[in-house]
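Asker: Mind looking over this structure? Questions follow.
Values quoted throughout were computed directly from the atomic coordinates according to the rules given, and no laboratory measurement underlies them. These numbers were taken from a predicted model, which means no experiment stands behind them. Every residue, glycine as well, gets a Cβ built from its backbone with ideal geometry; the counts of neighbours run over all protein chains shown.
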Amino acid sequence: MGMKAGQEFDDFVRERSAALLRMAYALTGDHGHAEDLLQTAMLRTARRWSSARNAPEAYVRQVLVNLCRDRVRWLRRRPPESALAEATEPQTTANAVDALAEQVGQRRSLVQALTDLPAAQRHVVVLRFLEDLSVAETASLLGISEGTVKSYTSRALSSLRVILNDMAAADGCGAPEVHHAH
């Protein structure tokens, strides 16, 4: 990488790292893994800067999603980890998530709810709503059809409603409980 390219890359990292870290955290639900994935993605982007420089953020997003999928496959093959304390959230993400959680009337973070979704659904929701990509962009990035993006989105939103209601009930936020007659 030449001097000019090196400077371009450094500027990109400085300007977009925080936002990309938030995306990685939302995808993984784990701050340590998010940092590792972002570091790996940035290294790959630096190595391929001549092809990535026209749309570096899209390039990093693609690498992050691919790394996430690899990690999901890898995690399936090993014993489950114990969940880290929520205090390990990066401060910026924690603030953004808390603000969002407040809106929904939840104390526990939305990221926590996202981690309960199947990985494919979580990836779709993160790209569509946190990254603000269109259905077509999400489909292309994940290598799935637009119909699949729509059905995953619909299923994920239904699940999130249930998860967030359960959290609210557990937190004693007074979410109305639904009693089914037997």
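Asker: Give me the distance in nm between label points sitting 7 Å out from Cα along the Cα-to-Cβ direction at residue 40 and residue 150, one decimal.
Answerer: With each label placed 7 Å out from Cα toward Cβ, I get 3.4 nm.
Asker: Just need log10 I(q)/I(0) for the stretch 1-79 at q = 0.12, 0.19 Å⁻¹, Debye formula, equal scatterers on the alpha-carbon atoms, no solvent, rounded to two decimals.
Answerer: Each listed q corresponds, in turn, to -0.34, -0.76.
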